[in-house]
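Read through the structure below, which is laid out as structure tokens, and then see the notes.
What follows is calculated from the coordinates using simple rules that are stated; it is not laboratory data. What you are looking at is a predicted structure, and each value in this text was computed from that prediction instead of being measured. Cβ sites come from the backbone with ideal geometry, for glycine too, and all protein chains shown count toward neighbours.
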Amino acid sequence: MRDNKAIWFKEHLAGFLAALRFLTVIPAQWNVDRDSEFFRKSLSFFPAIGLLIGTAGYLLTTVALWLFPQPVVACLVICYLAFISGCLHIDGLSDSGDGLLSSRSRDRSMEIMKDSRVGAMGVIVTVLVILAKFSALISIDSAHLATAVFFMPFAGRVAILCAMAALPYARTEGGIGALFYSDSVKKIALFALLLLTGLLFAFSGGRMFVVLFMLFLVFYLFNSWCKAKIGGATGDTLGANCELAEMAVALAFSVSFSFFS
């Protein structure tokens, strides 16, 4: 019995650390050489990683507001959210912009997304999303800014799971994103969405409807576009989902707290 519990614990710890290494820059070396074995199991820990990133962001925002004016804090938050993941999701957003905004065929669009070089469309999309985040963050009442920052990365990781549940993987040759797809992703995505809804209700009350509506709207529009353009999701569009969800949460908090305050 103890051996079974030990094996269960080690497997779940390996899955958690695989998720931690993939979604953040936090060094955790144990079992790093076996990550590919635990990628699918790591999906269950995406919400937990989102909560960890959000909690650290909450603390960063709270402390920074004692020291700096809100525009500086907003800049620090955006830098934190970008670099805690090694800019992985911003890279996905940029590549998605290059591919999806090109007037090329499906196959050519996916080749463009795979190209490591950044095009004009990718730069423009990235700048606009960062600008939207910054504008929203500086417009949120300082008393509620840390709460918004807490939910941004959490919603971003939930959006990744929901995109995997909603769309098939588009690359037939496989890719990094394909390593995470599993039969349990729909159940995990549903759990993560319910957890997000519950926490939003607990910490923001009726304002959660504005946040959820904005998240759903951005998610639906972007992923409908992905399905129409390339037939599904790729690692890049999953990363873009995270960035767009963070933007949607910031915008929703900006709007909701303006109306409900």
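Percent of Cα pairs in region 129-250 per distance bin of 10 Å, from zero to the largest separation: 13, 44, 30, 11, 1.
For the chain, what is the charge dipole size about the Cα centre, in debye to the nearest 20, if Lys and Arg each add +1 at the Cβ and Asp and Glu each add -1 at the Cβ? Let's see the in-between values first.
On the way: 20 positive and 17 negative charges, 89 e Å.
Result for the chain is approximately 420 debye, rounded to the nearest 20.
For a 27 Å ceiling on Cα separation, which of these pairs sit above it: K41/K229; K186/K229; K133/K187? Beyond 27 Å between Cα atoms: K41/K229; K133/K187. Helix content alone sets the calculated 222 nm mean residue ellipticity of the chain: runs of n ≥ 4 DSSP H residues at -39500 (n - 2.57) each, divided across all residues, give -26500 deg cm²/dmol.
Starting from a Cα-only point model with no solvent, please compute log10 I(q)/I(0) by Debye for the chain at q = 0.09, 0.10, 0.15 1/Å. Here log10 of I(q) over I(0) equals -0.40, -0.49, -1.08. Measuring spread by the Cα atoms of region 59-209 yields a radius of gyration and Dmax of 17.7, 51 Å. Listed by number, the DSSP H helices of the chain that run 15 Å or longer by alpha-carbon position along their axis and have mean Kyte hydropathy of at least 0.0 are 2-23, 46-67, 70-83, 120-139, 142-166, 185-204, 208-230, 235-260.
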